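**Q** If you scroll down you'll find the structure; I have some questions about it.
The values are calculated or read from the model by the stated rules, or taken from the named source; none is laboratory data. The structure displayed is predicted, hence computed values, not measured ones. Virtual Cβ from ideal backbone geometry, glycine too; neighbours counted across all protein chains shown.
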Amino acid sequence: MVEAKLFNKFEFVEQKLQQRREAHQFRVVAAFDPDSSVQGTRGDRSFLNFSSNDYLGLSKHPHLIETAQRYTQRYGTGATASRLVTGTYPIHQQLEHQLAIACGYEATLLFSSGFQANSTVLPALLDASALVLCDRLVHNSLIQGILASHARFMRYRHNDLTHLKSLLEKAARQSYSRIMIVSETVFSMDGDRSDVTALVQLAQDYNAILYLDDAHALGVMGKQGMGLAAHQPGIDIVVGTFGKAFGAFGAFVACSQKLRDYLVNYCPGFIYTTALPPAVVGAIAAALELVPTLGAERQHLNHLADHLRQQLSQLNYDPGNSSSQIVPVMVGDEAKTLRLSQWLEQRGMLAIAIRPPTVEPGTARLRVALSSQHTVAQVDALIHAIGEWHESSH
Ligand SMILES: *Cc1c(COP(=O)(O)O)cnc(C)c1O
């Protein structure tokens, strides 16, 4: 027997945690107990929530709750197997069918989460002979998928399609088996949008596969609220998530029937996991019924976001290029951003500080996520508190 070595095998854990503490980036999870879609309790204090992605307040909607309960009564709490075994219930098929119609795509395929979809669909479509050109600011789940694929990988400057075009031009002279463009429609930390029409045109011009993540537009933008990639010919793969405006959980891919067949056969994140549980399928199906009818809610949400951006600019805060319900309050300095977040917390408002490594160094910000359930008065209270902090210039 080899002599037991007296070293701490978790030394690396100690070191890595210490690194985070020293950088003041050590994170902990804190419980938040929701009372409504925009209010809740943390510790013994009540807060207005400006940090959830429940953009339409659907997570607490009676129709979603009732349908989730009904599906549970009929089908049980778990789907009990993967989709290719006995986990495909009629409700999974119906939902995929209805989603395809609502988004204007030939087919859709459900996934357990947006993270799981992005991190496993990309490796299924790429290999070391492929090239991926992705926007600098895409979500971590897309980066994980790209890294796992072993494809050659370059990031173009955020929303800079001239840069993308020059990379496509160079790539066209090389011998990649295929080229894929990866972007989001609405960016999760900046709330700005990509130019979907121009991306479609570039993909066509260079015969590239176009992969778009529509997580923050689904429910909120586009035809009948079905996202900015809905009813848009020329997009090869769209990923939508149900954990945000749909108020539920899970995700889907919208694509051609042929690509769906391919993923069913070759995507491990679809094949080797249990199907979505009936309650979740019920909540999604109910949200899909409601979303097209929520035009007035979307209009109110837009109005709130316009109002917030305008007032922030007057206070000399930069809301960046936000044109959605996600409004960053750019601060820059990490410690200062934390102090602003704490200042708001003391006033009963949760607007979480987003810092590196989630965003690039020097771009720390509060990420304000609005909901159609917020009132103008609630947004005014937030603006007022930010204004007061500004005046006392911490
Ligand atoms: C939230 C998010 C995801 C992950 O979706 P989950 O269903 O929460 O795993 C993927 N992409 C983007 C752009 C997101 O914002």
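**Q** With the condition being more than 20 Å from the chain's Cα centre (by Cα), more than 30 Å from Phe26 (Cα to Cα) and β-branched (Val, Ile, Thr), I'd like the helices (runs of 4 or more DSSP H) fully within region 238-355 carrying at least 1 qualifying residues.
**A** Of the helices (runs of 4 or more DSSP H) lying wholly inside region 238-355, those with at least 1 residues that are more than 20 Å from the chain's Cα centre (by Cα), more than 30 Å from Phe26 (Cα to Cα) and β-branched (Val, Ile, Thr) span 257-266, 268-271.
**Q** Also, I was wondering about something else. Kindly establish whether Gln378 is free of Cβ contacts under 8 Å to residues at least 24 places away in the same chain and in a helix (DSSP H, G or I).
**A** No: the conditions fail for Gln378.
**Q** Answer yes if at least one residue in region 99-118 is acidic (Asp, Glu), within 16 Å of the ligand (Cβ to nearest atom) and closer than 30 Å to Tyr211 by Cα, and no otherwise.
**A** no
Matching residues to (1) farther than 24 Å from Asp195 by Cα; (2) touching a helix residue (DSSP H, G or I) at 6+ places or on another chain (Cβ under 6 Å); (3) not hydroxyl-bearing (Ser, Thr, Tyr):
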residue	(1), (2), (3)
Leu95	yes, yes, yes
Gly104	no, no, yes
Thr108	no, yes, no
Ser113	yes, no, no
Leu122	no, yes, yes
Asp127	yes, no, yes
Ser141	no, yes, no
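**Q** Considering only region 119-133, I want to know if a residue exists there that is modelled with pLDDT of 95 or more, part of a helix (DSSP H, G or I) and loosely packed, with under 15 Cβ neighbours inside 10 Å.
**A** There is no residue in region 119-133 that is modelled with pLDDT of 95 or more, part of a helix (DSSP H, G or I) and loosely packed, with under 15 Cβ neighbours inside 10 Å.
**Q** Moving on. Of all strands (runs of 3 or more DSSP E) completely enclosed by region 143-216, which ones contain at least 3 residues that are within 16 Å of the ligand (Cβ to nearest atom) and within 20 Å of the chain's Cα centre (by Cα)?
**A** 179-184, 209-213
**Q** Right, something else. Residues being farther than 21 Å from Gly145 by Cβ, touching a helix residue (DSSP H, G or I) at 6+ places or on another chain (Cβ under 7 Å) and free of Cβ contacts under 8 Å to residues at least 40 places away in the same chain: count how many of those fall in region 207-256.
**A** Going through region 207-256 one residue at a time, the tally reaches 1.
**Q** Among the residues that make up region 29-38, is at least one of them surrounded by 15 or more Cβ atoms within 10 Å (Cβ to Cβ) and either polar (S, T, N, Q) or farther than 18 Å from Phe249 by Cβ (or both)?
**A** Yes; the residues of region 29-38 include at least one that is surrounded by 15 or more Cβ atoms within 10 Å (Cβ to Cβ) and either polar (S, T, N, Q) or farther than 18 Å from Phe249 by Cβ (or both).
**Q** Can I ask one more? Of the residues that sit in region 356-380 and are within 17 Å of the chain's Cα centre (by Cα) and of a type in the set (Val, Ile, Thr), which one is modelled with the lowest pLDDT?
**A** Thr358
**Q** Sort out which residues of region 36-88 are closer than 26 Å to Ala215 by Cα and part of a strand (DSSP E or B), and write them in order of number.
**A** Result: Gln39, Gly40, Phe47, Leu48, Asn49, Ser82.
**Q** Looking at region 8-20, can you tell me whether even one residue there is touching a residue at least 40 places away in the same chain (Cβ under 8 Å) and not hydroxyl-bearing (Ser, Thr, Tyr)?
**A** No: zero hits.
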